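Since the structure comes first, as structure tokens, the remarks are kept for the end.
Please treat every number below as a calculation from the coordinates, not as lab data. Because the structure is predicted, anything quoted here is derived from the model rather than measured. Glycine gets a Cβ as well: all are built from the backbone with ideal geometry, and neighbour counts include every protein chain shown.
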Amino acid sequence: MTIDDSTLVKELNLCNKKLRMFPFSPRLYIQRGTIHFKLALLKESLRDFNKAEELNPQITPYLWQRGLTYYYLGKYAKAYRQFELVHTISQQNIEDSLWIYLSMAKLEGVEEARKYLPAIKRDSRVFMRQIYQVYAGMADVKTLLNYTTAEDKKNLFFRYLYAGLYYFVHQDEASANKYISLALDCKIENYMWYLARVHLHLYHKPSQAK
């Protein structure tokens, strides 16, 4: 996977051109909102998602990307409400549940957040069920890092990412940066890879030489 911000800028310019031709297209606003997020332009991202919702209120429960933008803007209550809505239409998707936890952990603390973690009965992804067990308090976060030798890059990416995010809300900044950096090194073509990059852009402050 080759990451090139100039490609994202070209995509943004093309999306802007299309929006001038089709200014009432929710799909195009969502598309531009995701590009803005990937470029860490969070206020612009939120503005686009909100415009898409204004044009078509029926899409509100599907705007999981807006929940992530809310989160990285520090609007944790709105992120929580967005992921609660998303959960109503995808009740067996573990990732939505994890973001409910992560949002509530920022609002009320990690112990209280666990009470809001929805029960999930089915998810075909073994690695995601193991991540869920950590967030639910049924396993230690270090267990996520014991399966790394033979896993494919995508599975490994999600283990590192959600271990890092877990450490983040548990206020262990060094461990959070370490594992989210390892996730970033996996370089998969996935929206969450860009989230890892946004996270480090916002929270990873390189050590200053003395």
* Asked: Between residue 43 and residue 7, what length comes free when the chain is fully extended (0.36 nm per residue of separation minus the Cα-Cα distance, one decimal in nm)?
  -> 10.9 nm
* To do: With a point put 7 Å past each Cα toward its Cβ, work out how far residue 50 is from residue 192 in nm, to one decimal.
  => 2.8
* **Fewest-first ranking of 131, 188, using other Cβ atoms within 10 Å as the exposure measure** => 188, 131
* Would you mind ranking 201, 170, 87 so that the residue whose beta carbon has the fewest other beta carbons within 10 Å leads the list? => 201, 170, 87
* Structure fact -> Each label sits 7 Å from Cα toward the beta-carbon; between residue 111 and residue 142 the label points are separated, in nm, by 2.3
* Structure fact -> Here, chymotrypsin sites (Phe, Trp or Tyr not before Pro) of region 86-176 satisfying both criteria (DSSP loop; at most 16 other Cβ within 10 Å) are 147
* Structure fact -> Note on region 126-210: alpha-carbon gyration tensor, axes a ≥ b ≥ c; rule is a/c under 1.5 for rounded, else prolate if a/b larger than b/c, else oblate; result oblate
* Asked: Between residue 201 and residue 90, what is the spin-label point distance in nm, taking each point 7 Å from the Cα along the Cα→C-beta axis?
  -> 2.2
* To do: Scan region 59-160 for GluC sites (Glu not before Pro) in coil per DSSP, keeping those whose Cβ has at most 15 other Cβ atoms within 10 Å, and list them by number.
  => 151
